[in-house]
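Each value in this text was obtained by applying a stated rule to the coordinates, not by laboratory testing. Quantities reported herein were computed from a predicted structural model and do not represent experimental measurements. Ideal geometry is used to build each Cβ from the backbone, glycine not excepted, and the neighbour counts take in all protein chains shown.
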Amino acid sequence: MLLYHGARPNPRAVRMFMAEKQLVIPMCDMDVDGGENRRPEFVVRNPAGQVPVLELNDGSWIAETGAIFQYLEETYPEPAFIGSNVEERAETRLWQRRIERRITEPLYAAFHWL
């Protein structure tokens, strides 16, 4: 696996998730300020031109922080961060979405206009 990341909040969250789970995954640091994530060779990996993107061993790609969290959690279930049963996972996703909608999305919107 290879994590494409950069100096932004979502890639940082994935790096923190990996650190807490003690996962060591090679990383490619993207120059987001220089637009490296918008170049054609990266956009084939994620048409939205955003990081993070996780390249899997079979060459496929996963974009979006929540999807990467879920993939890593299911691939490396211990220690359980999203929950160890269906109820815990549902509650984690509920709070993750509320925080995303009410806190982080407004921050991202403001950040894009700086």
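Going by average Cβ neighbours within 10 Å, how do the peptides 45-52, 13-20, 93-100 rank, with the highest at the top?
Order by mean packing, descending: 45-52, 13-20, 93-100.
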Spacing of the two label points (7 Å from each Cα toward its C-beta) at GLU20 and TYR76, in nm: 1.3
If you average the alpha carbon positions of the stretch 48-114 and of the stretch 1-35, how far apart do those two centres end up, in angstrom? 12
If I take every Cα pair under 8 Å that is 6 or more residues apart in the chain, average their sequence separation and divide by the length, what percent do I get for the relative contact order? 22
Let me spell out the model: positive unit charges on the Cβ of Lys and Arg, negative unit charges on the Cβ of Asp and Glu, origin at the Cα centre of the chain. What dipole size does that give, in debye rounded to 20? 400
Dmax and Rg, reported as Rg then Dmax, of the chain (C-alpha, Å): 14.6, 42
Cα lying deepest toward the dipole's positive end in the chain, options LEU94, PRO40, LEU107, charges on Cβ: LEU107
Treat each spin label as a single point 7 Å out from the Cα along the C-beta direction, and report the ASP29 to GLU100 distance in nm. 2.8
